[in-house]
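Data first, discussion second: the structure below is written as structure tokens.
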Amino acid sequence: MQYQRTHGIVLYSRKTGEVDKYLHIYSMELGKVKAMATGSRKITAKLLAATEPVTETEFMLYLNSKTSRVRVVGGVLKNMFNPLKTNITKYSYACAVVNLVDSLTAEHDKNTHKYVLLKRTLELLETAKRPDYIYLAFALRFMKLCGYALELSKCVSCEAEIPNDEISKKSDIIFFSLKERGLVCKNCYNEADFELIGVNAQAISFLRQLSKLSGEEVEKLEIPKKIEELVENLIRSYINEYVPYSLKTQMFVKTL
Ligand SMILES: [Zn+2]
């Protein structure tokens, strides 16, 4: 049994009983933890705010090694991400972000890169003019950190490089495999393989930019609506391929 102080971002929170709260927290020091905030008198109004989803808090946790239960015994609110909570579109994207983190992470699997990416994405969303682009760039990076990186520079079958200029010169159609997670060159394309998705060169170029550029640069991109939709659908299918429980928040964002 031990106490642990850690920075954490609340991914999910649900009231249980009169005064208790059940939380999923992505923490810097412990990775994801599922924890209970209990005890009416000890939970101050401040702690209630500190345990809302999309909030960064410095938690004091109590870990029971016998039952492996985690209890929240205190918390100092660090960042409420207020601009996200007052804008329905931004908040929806922020929820899609925390939902993806929750769906793809196992408990007690510490990963500082994931924490930093999560926090940075929420900060970027606060001032974002293109929250949709920020979300897509986040999703590509987070999937990569989870071991599901996309191969966007060479063919997943023969490993031949597919440079940018070649895409635009040779043909406007490139094939994409969700199962192999990447591009398939013309030589390896097999008509009988129904899994392969045909995408155009502009979409691949947008995907490459989303996965490489900084958040500030991603926001400056000007992409035709049709290409945006194509890439959004591709990334949505890619996520659904690897997240068994289809993300409700994702669908919600799309209907906005
Ligand atoms: Zn090939």
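The values are calculated or read from the model by the stated rules, or taken from the named source; none is laboratory data. Computed from a predicted structure; not experimentally measured. For neighbour counting, all protein chains shown are included, and Cβ atoms are generated from backbone atoms with ideal geometry for every residue, glycine included.
Results for (1) surrounded by fewer than 12 Cβ atoms within 10 Å (Cβ to Cβ); (2) part of a loop (DSSP other than H, G, I, E, B); (3) within 16 Å of the ligand (Cβ to nearest atom), shown as yes or no for each residue.
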{"residue": "F176", "(1), (2), (3)": "no, no, yes"}
{"residue": "L183", "(1), (2), (3)": "no, no, yes"}
{"residue": "N187", "(1), (2), (3)": "yes, no, yes"}
{"residue": "R208", "(1), (2), (3)": "no, no, no"}
{"residue": "S211", "(1), (2), (3)": "no, no, no"}
{"residue": "E216", "(1), (2), (3)": "yes, no, no"}
{"residue": "E219", "(1), (2), (3)": "no, no, no"}
{"residue": "K226", "(1), (2), (3)": "yes, no, no"}
Segment 125-157, residues that are among the hydrophobic types (A, V, I, L, M, F, W, C) and part of a loop (DSSP other than H, G, I, E, B): A128, C146, A149, L150, L152, C155, V156
Residue in segment 132-150 that is within 16 Å of the ligand (Cβ to nearest atom), closer than 30 Å to E29 by Cα and not assigned by TED's automatic domain parsing to the domain that holds S103 present: yes
Wholly enclosed strands (runs of 3 or more DSSP E) of segment 1-112 bearing at least 3 residues charged (D, E, K, R): 2-16, 69-79
